[in-house]
Amino acid sequence: MSERKIGVYVCQCGGNISDYVDVERVRQAVAEDPDVVVARTAMFTCSDATQEEIVDDIKLDDLDGLVVASCSPKLHTFTFRGVARRAGLNPYRYTQVNLREQDSWAHTDDRLGATEKAIRLVRAGIARTRLLEPLDPTVVETVPRALVIGAGIAGLRAAIGLADIGLGVILIEREAEVGGHVRELGTMYPHDRQGQELISELLGEVRRREGIALFTNAELVRKGGTFGNYEVDIRTRGDSNMTRRFEVGSIIVATGFDSYLPEEGEYGYGIPGVLTLPEFKKLVDASEGPLVYGDRPVRSVAYIYCVGSRQGEGGPHQYCSRFCCTSAVHTDLELRAKSPKAHQYHLYRDMRTYGRYELLYNDSREKGSAYLKFAPDTPPEVQRRGDGQLEVRVHDQLTSQEEVTLDVDLVVLVTGMVPRSNQELIQRLKLPVGRDGFFNEIHPKLRPVETVVDGVAICGACQFPKTAGESVASGLAAVSWSAAMLKQGRAELDPQVATVDPDLCTFCGACTEACPYGAIGQQELGGGRQVAVIDPATCKGCGGCAPLCPEHAINVLGYTGREVEAMIESLAAGVA
Amino acid sequence: MATTMAPPAPTAGTTFSPKILVFSTNNISDPGIDLAGSSHLHYSPRAMTIAVPCSSGIAPEWIAHAFDQGFDGVFIASDGEECSYLTDCSERSAKVFERAQAMMAEKGYAPERLKMAAICSVCAEPFVKYMHEFEAQLLELGPVGVA
């Protein structure tokens with residue numbers, strides 16, 4: 001066996017791992033391996049201090065392999081490849097071992113079992129690392145232009161940001177008008193600007209920039225090409241049914257959300273005077289003076305919170321929609337400015353007026369609005385009595401569960417955001433969709449706008465319910481992400497692709513036929529012998545061709561037969 | 001000798017806990033298995049996962065090797081219809097499965113010791129359910145290599 005000098009770092013993850021796994025026992029067990037030169041535990045392996053310690057170890061001990069046993073490879077693979085690179089170690093001679101998501105967190109009930117599994121997993125990581133060869137990524141040139149899908153507030157702001165940083169922008173909007181939901185909003189917190197006014201301003205800014213091409217009534221109908229240089233076909237409807245093709249280096253999806261629409265009869269929805277929050281906001285925004293509904297002044301309003309949100313097991317919307325508490329409280333204050341004498345009752349489960357929105361909540365209470373807390377298993381009941389009066393009954397948790405009956409002129413169902421149905425776009429871009437139906441970023445904190453699809457980012461409320469301000473912030477994050485990639489003019493492609501061993505290949509053609517990307521060609525060696533050859537820039541590294549080779553001549557780098565079999569042997573072995 | 005390289009049968013008095021090798025895929029099923037952990041859903045710590053790019057790239061030889069090394073069961077958490085690489089990933093993975101079972105038959109391993117199911121990137125609960133069912137089935141079959 002080759003003599004290697006491998007460093008192994010076992011992470012405690014501040015207790016997320018070490019509360020359930022005896023990390024010191026793991027460290028000792030793997031330190032015995034003759035190829036392991038350094039074996040340490042760390043409170044947080046990803047911390048700057050530990051990263052620098054690893055860099056120092058690699059340099060000092062001239063390590064030629066690195067194993068980090070911490071969280072899922074989805075989180076920190078790039079972090080530790082960077083550590084290896086900074087220390088002069090080839091980044092592909094590093095293996096990430098998943099001790100958190102696939103061990104400590106999955107076996108919180110079995111410390112011994114989790115510890116033994118950890119030892120096996122880390123040993124498998126070492127076994128793989130022992131066999132890893134240095135790899136160099138394929139470098140692709142990137143087109144300095146981005147496609148932004150959706151011209152709501154996030155997409156508009158992203159387009160402006162991209163243009164200002166010197167990138168070309170194709171901005172497409174499915175509707176005839178830009179601005180999405182924000183266009184329809186009235187006065188917005190905290191600057192008291194009108195939604196329409198904000199959108200007009202942003203649209204003006206977009207039009208002022210030559211680098212932005214805006215298409216309305218437009219949709220993405222095809223994505224071709226490869227990372228760094230995607231070909232996108234944009235079809236516009238209307239007078240000219242036209243399809244235009246552009247080359248773009250990145251794609252930013254900002255397709256927004258839909259508002260939850262209650263079922264007929266859900267909290268009385270369908271009865272005149274029972275409105276959703278967006279419907280009510282429009283009414284308040286449009287009212288010049290005191291609010292009138294159906295020719296009668298509105299003297300009392302009951303808001304029912306969490307309609308269509310935080311649904312129990314089996315419900316399609318189990319998440320909290322985050323923004324709606326604040327939106328309802330803000331609407332309360334807007335109404336109070338126009339109808340100061342109106343009685344406003346808020347029937348809530350929990351209030352989530354986070355950050356400075358707490359000030360709005362306090363303001364609303366101080367001005368006399370009443371807040372009544374109900375329990376999820378005894379929701380308020382809405383009905384119209386025989387005399388035509390709307391009535392809401394609720395058990396108030398704050399006054400010893402007493403049943404309170406409210407006679408009100410309007411009932412406002414505080415509805416949240418739901419994911420927009422966008423099946424075609426999901427298919428075309430291979431967008432990852434989460435359990436809640438919103439698009440999934442790689443990591444909400446560490447890589448908050450990137451997706452697993454190279455060159456495709458998401459921002460705004462297509463990720464999860466957001467306020468306009470948060471949507472803009474994520475739009476700008478997508479700008480930074482695009483710029484970091486496209487301003488360099490080059491991006492690296494994963495070198496972990498399939499390769500052919502020419503000594504074994506007899507060119508039967510099985511692999512060539514099997515590759516839908518056309519990555520496998522033919523090459524003539526000396527003596528007229530034909531062998532298959534794989535283009536590393538075209539190969540996606542799926543390995544679908546490998547099991548089809550009768551000569552076992554194809555391996556995916558980083559997942560070779562020898563590496564996988566060595567891992568299997570380590571996982572199967574005893575832990576004593 | 002029924003099979004070579006099989007681990008010794010557990011000695012009397014110890015309880016048999018099946019060792020399961022799971023093959024997952026980097027973009028689809030491995031995130032689903034991660035989510036099971038993030039949700040603190042429990043399954044046997046003797047189920048261990050190796051992530052590969054795509055389930056169509058799993059060599060049948062690896063599966064046979066796992067049994068030779070003493071794994072009692074192998075579970076392929078496949079990409080199913082969600083594969084971002086290959087539209088015919090399911091068919092290709094099914095062929096890998098069939099070839100592996102043929103190899104297992106030659107070596108005398110019961111075909112039920114190999115399972116495959118599509119696990120999506122948020123399929124935490126289905127994955128854990130499969131693990132529980134598979135573990136129960138392997139408990140009935142007993143340790144690999146024991147007649």
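The values are calculated or read from the model by the stated rules, or taken from the named source; none is laboratory data. Computed from a predicted structure; not experimentally measured. A quick note on method: Cβ atoms are made from the backbone with ideal geometry, for glycine too, and the neighbour counts reach across all protein chains shown.
Cβ-Cβ contacts under 6 Å between residues 6 or more apart (or on different chains), taken from a first residue in the stretch A:112-130 that is in the same structural domain as A:VAL36 (by TED's automatic domain parsing) and at pLDDT 95 or above to a second residue that is polar (S, T, N, Q) and crowded, with 24+ Cβ neighbours inside 10 Å, are listed as A:ALA114/A:SER104; A:GLY125/A:THR95; A:ARG128/A:THR95; A:THR129/A:THR95.
Listed here are the strands (runs of 3 or more DSSP E) enclosed by the stretch A:30-100 that have at least 1 residues being closer than 19 Å to B:ILE50 by Cβ and within 14 Å of chain B (Cβ to nearest Cβ): A:65-70, A:94-98. For the stretch A:525-567, taking the residues that are within 13 Å of chain B (Cβ to nearest Cβ) and modelled with pLDDT under 95, the one that is farthest from A:ALA124 (Cα to Cα) is identified as A:THR538.
Is it fair to say A:THR399 is among the polar types (S, T, N, Q), more than 14 Å from chain B (Cβ to nearest Cβ), in contact with a strand residue (DSSP E or B) (Cβ under 6 Å, 6 or more places away or on another chain) and part of a loop (DSSP other than H, G, I, E, B)? Spelling it out, it is not the case that A:THR399 is among the polar types (S, T, N, Q), more than 14 Å from chain B (Cβ to nearest Cβ), in contact with a strand residue (DSSP E or B) (Cβ under 6 Å, 6 or more places away or on another chain) and part of a loop (DSSP other than H, G, I, E, B). Taking the criterion of being part of a strand (DSSP E or B), within 18 Å of A:GLY155 (Cβ to Cβ) and aliphatic (A, V, I, L, M), the residues of the stretch A:225-272 that qualify are A:VAL232, A:ILE234, A:VAL248, A:ILE251, A:ILE252, A:VAL253.
Is the stretch A:137-151 home to any residue that is within 10 Å of another protein chain (Cβ to nearest Cβ) and under 24 Å from B:ALA51 (Cβ atoms)? No, that holds for no residue. Counted as qualifying within the stretch A:313-390 are the strands (runs of 3 or more DSSP E) with 2 or more residues that are among the charged types (D, E, K, R), namely A:381-384.
Quick check: is even one residue across the stretch A:276-293 over 25 Å from A:GLN196 (Cβ atoms) and assigned to a loop (DSSP other than H, G, I, E, B)?
There is no residue in the stretch A:276-293 that is over 25 Å from A:GLN196 (Cβ atoms) and assigned to a loop (DSSP other than H, G, I, E, B).
Residues in the stretch A:421-473 that are modelled with pLDDT under 95, surrounded by fewer than 18 Cβ atoms within 10 Å (Cβ to Cβ), more than 13 Å from chain B (Cβ to nearest Cβ) and within 29 Å of A:MET188 (Cβ to Cβ): A:SER421, A:LYS445.
Checked against (1) at the interface with another protein chain (Cβ under 9 Å from one of its Cβ atoms); (2) in a helix (DSSP H, G or I); (3) not aromatic (Phe, Trp, Tyr), A:SER570 passes all but a single condition, namely (1).
Of all the numbered requirements in (1) touching a Pro at 6+ places or on another chain (Cβ under 9 Å); (2) in a helix (DSSP H, G or I), B:PHE71 misses one, and that requirement is (2). Just one of the listed residues (A:ARG222, A:ARG207) is among the charged types (D, E, K, R), in contact (Cβ under 8 Å) with a residue 40 or more places away in the chain and not in a loop (DSSP other than H, G, I, E, B), namely A:ARG222.
The residues listed here are A:ASP109, A:ASP136, A:ASP103, A:ASP164; of these, the one that is surrounded by fewer than 24 Cβ atoms within 10 Å (Cβ to Cβ), acidic (Asp, Glu) and touching a residue at least 60 places away in the same chain (Cβ under 8 Å) is A:ASP136. Looking at A:VAL148, A:VAL169, A:VAL143, just one residue is of a type in the set (A, V, I, L, M, F, W, C), under 30 Å from A:ASP494 (Cα atoms) and touching an Asp or Glu at 6+ places or on another chain (Cβ under 6 Å), and that residue is A:VAL143. Of the residues making up the stretch A:402-413, those that are in a strand (DSSP E or B) and either more than 24 Å from A:LEU335 (Cβ to Cβ) or not hydrophobic (A, V, I, L, M, F, W, C) (or both) are A:GLU402, A:GLU403, A:THR405, A:ASP407. Residue count for the stretch A:119-133 satisfying the condition of being within 11 Å of chain B (Cβ to nearest Cβ) and either surrounded by fewer than 18 Cβ atoms within 10 Å (Cβ to Cβ) or touching a strand residue (DSSP E or B) at 6+ places or on another chain (Cβ under 7 Å) (or both): 4.
Every residue, every condition in (1) in contact (Cβ under 8 Å) with a residue 60 or more places away in the chain; (2) away from every other protein chain (no Cβ under 14 Å); (3) out of contact with any His (no Cβ under 7 Å at 6 or more places or on another chain), yes or no:
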site	(1), (2), (3)
B:PHE71	yes, no, yes
B:PHE75	no, no, yes
B:ASP79	no, no, yes
B:THR87	no, no, yes
B:PRO111	no, yes, yes
B:ALA117	no, yes, yes
B:CYS120	yes, no, yes
B:ALA136	no, yes, yes
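Which condition breaks for A:ALA532 when tested against (1) in a helix (DSSP H, G or I); (2) crowded, with 20+ Cβ neighbours inside 10 Å; (3) among the hydrophobic types (A, V, I, L, M, F, W, C)? Going through (1) in a helix (DSSP H, G or I); (2) crowded, with 20+ Cβ neighbours inside 10 Å; (3) among the hydrophobic types (A, V, I, L, M, F, W, C) one by one, A:ALA532 breaks only (1).
Taking the stretch A:481-494 as the range and being in contact (Cβ under 8 Å) with a residue 12 or more places away in the chain and surrounded by fewer than 21 Cβ atoms within 10 Å (Cβ to Cβ) as the test, the residues that pass are A:TRP481, A:ALA483, A:LYS487, A:GLN488, A:GLY489, A:ARG490, A:GLU492, A:LEU493, A:ASP494. Residues in the stretch A:334-376 that are among the aliphatic types (A, V, I, L, M) and surrounded by fewer than 17 Cβ atoms within 10 Å (Cβ to Cβ): A:ALA337, A:LEU359, A:ALA370, A:ALA375.
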